[in-house]
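The values are calculated or read from the model by the stated rules, or taken from the named source; none is laboratory data. On a predicted model such as this, the values are computed, not experimentally measured, just so you know. Ideal geometry is used to build each Cβ from the backbone, glycine not excepted, and the neighbour counts take in all protein chains shown. Quick note on the areas: whole protein, heavy atoms, side chains included, nothing else; ligands and nucleic acids left out. Shrake-Rupley method; radii C 1.70, N 1.55, O 1.52, S 1.80 Å.
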Amino acid sequence: MVARVAKQGVRDSKVLAAMEAVPRHMFVESGLASQAYIDASLPIGHHQTISQPYIVARMIEILRANTNGGELNRVLEIGTGCGYQAAVLSLVAKEVYSIERIKPLHELAKTNLRPLRIANIRLHYGDGMLGLPQVAPFDGIILAAAGLQVPQALLDQMNIGGRLVAPVGERHQVLQLIERVSKFEWTNTTLEECHFVPLRPGTV
């Protein structure tokens, strides 16, 4: 799986090592375990998916290509899902905060992550569109669901020099990189096409 991700263009050795270290089969239903290492998103229930390995690696690589030499002290993930991406992030960032709006998935992520004994992940049940202002600012923010635009609340919770990577769009989605360059200024770069579940407000 990791060799394939590298062949698709992911070069960051720290990200590839993190992908190698996290057992993806532990985050999918047992009936799908044989497909855990193919390059595809897989259903995890509640109309949600575990993202394809390439896109997980790509988004984290983009977060790390910052002006701080790849250092990520505090990262926020919107959409914990089954917990897989949070586990990968935990190996490249000092602190990972992850929000899930669907209660059974929040519980599933806790169950999946427990055996791995990862000390630097904090899981939150809540509305990801609001972020976590109480622990902001973040060096990196990553969205695992696509909105028509990135909520301003999340932009406000970025460190200056911080990066946010998010899928944006409805039917046609693109990966966007937003960088905060000053208190009131962000730059926006469109990277590549992608496909994610929709970003929704509130909790269920």
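Rundown of residues vs (1) assigned to a helix (DSSP H, G or I); (2) surrounded by 14 or more Cβ atoms within 10 Å (Cβ to Cβ), yes/no style:
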site	(1), (2)
Gln85	yes, yes
Leu108	yes, yes
Pro115	yes, no
Ala119	no, no
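Taking first residues from region 137-156 that are under 20 Å from Ala65 (Cα atoms) and partners that are among the aromatic types (Phe, Trp, Tyr) and surrounded by fewer than 19 Cβ atoms within 10 Å (Cβ to Cβ), the Cβ contacts under 7 Å between residues at least 6 apart in sequence or on separate chains come to Leu155/Trp186. Is one or more of the residues making up region 67-89 among the hydroxyl-bearing types (Ser, Thr, Tyr), within 13 Å of Phe27 (Cβ to Cβ) and modelled with pLDDT of 95 or more? For region 67-89, residues among the hydroxyl-bearing types (Ser, Thr, Tyr), within 13 Å of Phe27 (Cβ to Cβ) and modelled with pLDDT of 95 or more: present.
Let's see how each residue does on (1) in contact with a Ser or Thr (Cβ under 6 Å, 6 or more places away or on another chain); (2) surrounded by fewer than 21 Cβ atoms within 10 Å (Cβ to Cβ); (3) not hydrophobic (A, V, I, L, M, F, W, C); (4) not in a helix (DSSP H, G or I):
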site	(1), (2), (3), (4)
Ala3	no, yes, no, no
Val15	no, no, no, no
Met26	no, yes, no, no
Gly31	no, yes, yes, no
Tyr37	no, yes, yes, yes
Arg58	no, no, yes, no
Asn66	no, yes, yes, yes
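Taken over region 138-173, the criterion of being open to solvent by 30 Å² or more (accessible area, probe 1.4 Å) and among the polar types (S, T, N, Q) is satisfied by Gln149, Gln152, Asn159. Scan region 39-56 for residues that are surrounded by 14 or more Cβ atoms within 10 Å (Cβ to Cβ), within 18 Å of Glu193 (Cβ to Cβ) and either over 18 Å from the mean Cα position of the chain (by Cα) or among the hydrophobic types (A, V, I, L, M, F, W, C) (or both) and the total you get is 2. Listed by position, the strands (runs of 3 or more DSSP E) enclosed by region 121-204 that each have at least 3 residues that are more than 24 Å from Pro104 (Cα to Cα) and among the hydroxyl-bearing types (Ser, Thr, Tyr) are 185-194.
Across region 156-174, the number of residues qualifying as in contact with an Asp or Glu (Cβ under 6 Å, 6 or more places away or on another chain) and modelled with pLDDT under 95 comes to 0. With the requirement that a residue be in contact with a Phe, Trp or Tyr (Cβ under 9 Å, 6 or more places away or on another chain) and either surrounded by fewer than 19 Cβ atoms within 10 Å (Cβ to Cβ) or without any contact (Cβ under 8 Å) to a residue 12 or more places away in the chain (or both), what does region 174-191 give you? Once the filter is applied, which keeps residues that are in contact with a Phe, Trp or Tyr (Cβ under 9 Å, 6 or more places away or on another chain) and either surrounded by fewer than 19 Cβ atoms within 10 Å (Cβ to Cβ) or without any contact (Cβ under 8 Å) to a residue 12 or more places away in the chain (or both), region 174-191 yields only Glu179.
Counting only residues that are among the small types (Gly, Ala, Ser) and either open to solvent by 30 Å² or more (accessible area, probe 1.4 Å) or touching a residue at least 60 places away in the same chain (Cβ under 8 Å) (or both), region 121-135 holds 2 of them.
Residues to consider are Val28, Val5, Val92; find the one that is of a type in the set (A, V, I, L, M), out of contact with any Phe, Trp or Tyr (no Cβ under 9 Å at 6 or more places or on another chain) and over 12 Å from Ala144 (Cα atoms).
Val92
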